[in-house]
1. Divide, for region 2-57, the radius of gyration over alpha carbons by 2.2 N^0.38 Å, where N is the residue count.
2. Return the distance in nm (one decimal) between the two label points of a simple spin-label model at His92 and Glu113, each offset 7 Å from Cα along Cα→Cβ.
3. Restricting attention to the alpha-carbon atoms of region 88-203, what are Rg (one decimal) and Dmax (integer), both in Å?
4. Given the C-alpha centroids of region 152-202 and region 1-80, what is the distance between them in whole angstrom?
5. Give me log10 I(q)/I(0) at q = 0.08, 0.10, 0.17 Å⁻¹ for the chain, Debye formula, one equal scatterer per alpha-carbon, no solvent.
6. Can you give the net charge of the other residues whose Cβ lies under 10 Å from the Cβ of Pro193, counting K and R as +1 and D and E as -1?
7. Filter the chymotrypsin sites (Phe, Trp or Tyr not before Pro) in region 131-182 to those in DSSP coil with at most 12 other Cβ atoms within 10 Å of their Cβ, and list the result.
8. Can you list the HN-Hα couplings for region 192-198, worked out from phi with the Karplus curve (6.51, -1.76, 1.60; θ = phi - 60°), rounded to whole Hz and with x for Gly and Pro?
Amino acid sequence: MSEVREFIESGILEMYVRGDASPDENALVELMATKYHEVKEELYIIEVALENYALSQATTVDPVIKPFLMATVEYMERIGKGEKPSFPPKLHANSLISDFEEWLNRPDLALTEPLDEIDARIICATPEKTTAIVWIKNGAPPEIHKDEYETFLIVEGSCNIIVDGEDNHLKPGDVFTIPLYLSHTVIVTSEIPCKLILERLAA
């Protein structure tokens, strides 16, 4: 049994569980696990320990990250296929929904799948500014911007943007800029998703 104990203490089981073992080492571990119940039990203990460690280190993923990552990939694919970059007007207090009709009327920038929570289509991306069409079903979690101004032009539906505890009820045609360094969250207040033009401008 000293041979089995030495095998267990060699570190090869940890390598196997992490996926770092060679094909030959994998085959050896699997053979030893079928021959010796001590090896099989140790493998189980290691797997549980690694899983518990991973869970203890896990963080909650911001639900805004995935849709904007996917929107960025989709935008780069469009550019790669020959789409010319476009430059929509900068959002300001007097911006109109009609200022963005060119993009709002494009079929390829429409929502094509049932909305989960948040979806986006990027219409412009430069180092200084990103502009996107965004749909929000229920809301967006609290966040703080330190290096970019975020401005909303509501196109459809309505929402309440709570900034530092203060309500800001917005309806179609309203424009609102989030101040820097203040926590804000979005709550959709309409029965339909809130559709908006979102601009992120470097501070």
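1. On the way: Rg = 11.3 Å, N = 56, 2.2 N^0.38 = 10.2 Å.
Compactness ratio reported: 1.12.
2. Here the modelled spin labels are 3.8 nm apart.
3. Answer for region 88-203, Rg first and Dmax second: 13.3, 38 Å.
4. Spelled out, the Cα-based centre of one part sits 42 Å from the other.
5. -0.47, -0.59, -1.08
6. On the way: positive: Lys137, Lys195; negative: Glu117, Asp119, Glu156, Glu191.
Local net charge: -2.
7. Details: sites: Trp135, Tyr149, Phe152, Phe176, Tyr181; in loops: Tyr181.
Passing sites in region 131-182 are Tyr181.
8. So the J values, rounded to whole Hz, are 9, x, 8, 9, 8, 8, 10.
Each value in this text was obtained by applying a stated rule to the coordinates, not by laboratory testing. Remember, predicted model here, so these are calculated numbers, not experimental data. Cβ: placed from backbone, ideal geometry, glycine included. Neighbour counts: every protein chain shown.
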